[in-house]
1. With the crude spin-label approximation of a point 7 Å out along Cα→Cβ, what separation in nm comes out for R153 versus V44?
2. Hey, can you rank 96-107, 21-32, 60-71, 41-52 by average C-beta count inside 10 Å, highest first?
3. Using a 1.4 Å probe and ignoring any ligands, DNA or RNA, find the accessible area of R150 and quote it in Å² to the nearest 10.
4. What shape does the range 98-148 have by the C-alpha gyration tensor, where a ≥ b ≥ c are the square roots of the eigenvalues, rounded means a/c under 1.5, and otherwise prolate means a/b greater than b/c and oblate the rest?
5. Bin width 5 Å, alpha-carbon pairs only: give the P(r) of the range 72-115 as whole percents, running from 0 to the bin holding the largest distance.
6. Could you work out the equivalent-ellipsoid semi-axes for the range 50-95, taking the square root of 5 times each eigenvalue of the Cα gyration tensor, largest first, in whole Å?
7. Leaving out ligands, DNA and RNA, what percent of the accessible area of the range 1-89 is carbon and sulfur, probe 1.4 Å?
8. If you project the alpha carbons of the range 1-117 onto the principal axes, what extent comes out on each, in Å, largest first?
Amino acid sequence: MDIFSHTLWGGGLFGYRGHFWLALLFGAFPDLTSFGVFVIVRLVEGTFVFGPPPLASIPDWVFFNYNATHSFLVAFVTIGMVALWNRTIAFAMLGWPVHICLDFPFHTAAYFPTQMFWPLSDFLIDGVAWSTRWVWFPNLAGLLVLFGWRWWREKHRITTRIVYKKGLVYVSGVQGKPCTKNGDSKEYKANLVRKTAWLLPS
């Protein structure tokens, strides 16, 4: 898959717990540490050209980095270690194994096949190129659906918060009736808001 799609899948799936930019980064992380570094080196050397370079012109360290970062074993061990320290950050890193899931069926054996169980196995799948129309357009549609759903959820969450705040004011005296039970109970008031929020005036 292309690096932009990887980035967006990472952010869309795992960027809603306070680390959106980190989720974007780890969505693209495996390619950044292999092809990304190689592009920078070629820019510095003045040898950069657009398009995929011939395999013979790619140094061994790029293949090593690609295999290491496109391995489920490496990804989950790393994420597991981070989870022992900070689970929220580890959650944002899950775009990394999703990157691998999107790569191994959509890379052919002719050009950077994904050895998903490296270094224990060199097993790979001779997949379909991600640039194929029936792969690319569903990928684009999936991203649109994902971010549309995220937008709807965020809008709904903000609306719910506003209604909840209005409800606290509305049921706490606007009607001229006490809204407490067994004293001034905030918990009872909050539950009453949740039950009657759909009846509140805008």
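1. Those two pseudo-labels are separated by 4.0 nm.
2. 21-32, 96-107, 60-71, 41-52
3. Its accessible surface works out to 50 Å², give or take rounding.
4. In terms of gyration-tensor shape, oblate.
5. 6, 23, 25, 18, 12, 10, 5, 2
6. Over the Cα atoms of the range 50-95, the ellipsoid semi-axes are 30, 11, 7 Å.
7. 75
8. Rounded to whole Å, the extents work out to 41, 28, 23 Å.
The values are calculated or read from the model by the stated rules, or taken from the named source; none is laboratory data. Keep in mind that this is a model prediction, so the values were computed, not measured. Don't worry about glycine lacking a Cβ; one is built from the backbone with ideal geometry, like all the others, and counts go over all protein chains shown. With ligands, DNA and RNA removed, areas are computed over all heavy atoms of the protein, side chains included. Shrake-Rupley method; radii C 1.70, N 1.55, O 1.52, S 1.80 Å.
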